[in-house]
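The values are calculated or read from the model by the stated rules, or taken from the named source; none is laboratory data. All values reported here derive from a predicted model rather than from experimental measurement. So basically every Cβ, Gly included, is an ideal-geometry build from the backbone, and we count neighbours across all protein chains shown. Protein only, heavy atoms only, side chains kept; ligands, DNA and RNA dropped before computing areas. Shrake-Rupley method; radii C 1.70, N 1.55, O 1.52, S 1.80 Å.
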Amino acid sequence: MIIVMKKRAKQKDLDSVIRWIESVGYRAHLSKGVERTIIGAVGDERDKVRLKAAENMSGVEKVMPILQPYKLASRETKDGNTIIKVGDVAVGGPKCIVIAGPCAVESEEQLMETALVVKKAGASMLRGGAFKPRTSPYSFQGLGEEGLKILAKAREETGLPVVTEVMSASDVGLIEAYADVLQIGARNTQNFALLKAVGLAKKPVLLKRGMMTTLDELLMSAEYIMASGNDNVMLCERGIRTFETAMRNTLDISAVPVLKDKTHLPVIVDPSHAIGQWKFVLPLAKAAVAVGADGLMIEVHCNPQQALSDGPQSLKPERFIKLMEEIESIANIVRN
Ligand code: PEP
Ligand code: MN
């Protein structure tokens with residue numbers, strides 16, 4: 001249920017409504033907008049009618065059901081967009097941000113070289129996997145903690161916040177100690193134990209859409225993270241499985257405006273994992289910015305032929321620089 005407070009409600013009214021919500025076994029989630037304050041009462045759906053009684057409390061304007069199955073992620077419970085601060089970077093604000101870097105951290109030299117390139121080209125954050133979810137157990141699995149240390153060093157060198165994947169609930173503490181954003185990969189979108197674990201973390205989460213998840217399922221996964229206490233979730237469309245075999249996945253470009261309509265959370269697009277071929281990354285990146293993506297995630301490698309993972313979709317530095325230049329004019333049109 002959503003409890004909408006009167007415009008002139010006092011702080012003590014707000015406090016007593018929150019106390020009451022908690023006393024009847026719900027979690028109170030406060031959203032203070034410019035226009036009005038909304039309190040989401042989140043918990044067992046079966047006896048939500050009890051919450052109607054809040055209509056008699058001082059300062060309460062009305063009590064309404066939240067219609068969507070996802071509550072905290074829904075636009076119904078929050079005025080305006082969520083803006084997630086990662087260091088100096090604001091995700092979901094006026095600027096379309098770019099997260100760039102190699103698929104995997106392979107060595108200090110490789111990451112440092114790429115980090116400097118993407119920084120110079122204007123990227124806002126650095127990406128790189130230290131724990132890699134590979135289809136084959138014989139493929140490069142990532143450098144593990146050594147990779148995290150290299151990422152932290154690259155942050156020191158460039159000032160770019162780092163995004164890296166967490167594959168298991170038991171690794172969350174370790175990764176949180178090094179990274180600025182915790183990435184949940186497409187293969188773990190519905191790993192609910194992992195979602196609950198990152199929900200307890202203090203760092204923002206980049207939640208990728210699984211290759212077989214609907215948008216409502218993706219939003220329910222975001223809800224798991226938020227219901228555990230972490231409101232800083234960015235969603236990421238990275239292509240889904242369809243009957244088409246000409247591409248690695250099919251980028252669901254329509255997911256962007258539809259998600260932006262359903263949720264206040266920022267939406268990022270990863271054209272690299274969607275298309276799987278470097279030469280199509282630029283047009284898809286442009287399309288993503290044009291439909292309103294709050295950011296892009298782009299794989300960049302200084303020597304893609306030698307990459308230990310995802311070389312075919314990785315942009316060489318000069319192609320990444322071109323991408324940054326070309327998306328700027330589109331971002332200027334659609335985000336102003
Ligand atoms: C990645 O970003 O490194 C990755 C493995 O992506 P996805 O989970 O979308 O396949
Ligand atoms: Mn990759």
Exposed trypsin sites (Lys or Arg not before Pro) absent: longest stretch of the chain, with sites in DSSP loops and at most 12 other Cβ within 10 Å deemed exposed:
47-201
Report, ordered by chain and residue number, the aspartates and glutamates lying within cross-link reach of residue 202, taken as a straight Cα distance under 18 Å and ignoring same-chain residues fewer than 8 apart.
88, 165, 171, 176, 180, 223, 231
Hand me the chymotrypsin sites (Phe, Trp or Tyr not before Pro) from the range 64-170 located in a DSSP loop with no more than 11 other Cβ atoms within 10 Å, in residue order please.
138
From the Cα centre of the range 56-77 to that of the range 149-228, the distance in Å is 28
Exposure rule at most 14 other beta-carbon atoms within 10 Å, DSSP loop GluC sites (Glu not before Pro): the chain longest free segment:
46-243
Using a 1.4 Å probe and ignoring any ligands, DNA or RNA, find the accessible area of residue 189 and quote it in Å² to the nearest 10.
0
What is the percent carbon and sulfur in the accessible area of the range 84-334, measuring with a 1.4 Å probe over the protein chains and ignoring ligands?
55
Comparing 276, 128, 59, which has the greatest mean-square fluctuation in the GNM of the chain with Cα pairs linked when under 10 Å apart?
59
The range 84-334, dipole about Cα centre (Lys/Arg Cβ +1, Asp/Glu Cβ -1), debye to the nearest 20:
220
Amide H of residue 129 versus every other amide H placed in the peptide plane: which residues, excluding those fewer than 5 positions away on the same chain, fall under 5 Å?
104, 105
Taking the chain and counting helices only, DSSP H stretches of n ≥ 4 at -39,500 (n - 2.57) each over all residues, the nearest-500 ellipticity at 222 nm comes to -10000 deg cm²/dmol
Pull up the cross-link candidates among the aspartates and glutamates for residue 279, meaning alpha carbon to alpha carbon under 15 Å and not fewer than 8 places away within one chain.
270, 299, 310, 318, 326
On C-alpha positions alone, give me the angle between the axis of helix 145-158 and the longest principal axis of the chain, in degrees, nearest 10.
90
With every protein chain kept in the model, how would you rank 278, 20 by accessible area, 1.4 Å probe, largest at the top?
278, 20
Compute the Rg to Rh ratio over the chain from the alpha carbon atoms, using the Kirkwood formula for Rh, and round to two decimal places.
1.01
Relative to the Cα centre, what is the charge dipole magnitude of the range 2-65, using +1 at the beta carbon of each Lys and Arg, -1 at the beta carbon of each Asp and Glu, and rounding to the nearest 20 debye?
240
Any idea which of 200, 221, 112 is furthest toward the positive side of the dipole for the range 84-334, if Lys and Arg beta-carbons carry +1 and Asp and Glu beta-carbons -1?
221
Got a number for carbon plus sulfur as a percent of the range 1-45's accessible area, 1.4 Å probe?
50
List the lysines whose Cα lies under 18 Å from the Cα of residue 120, skipping any in the same chain that are fewer than 8 positions away.
95, 153, 316, 322
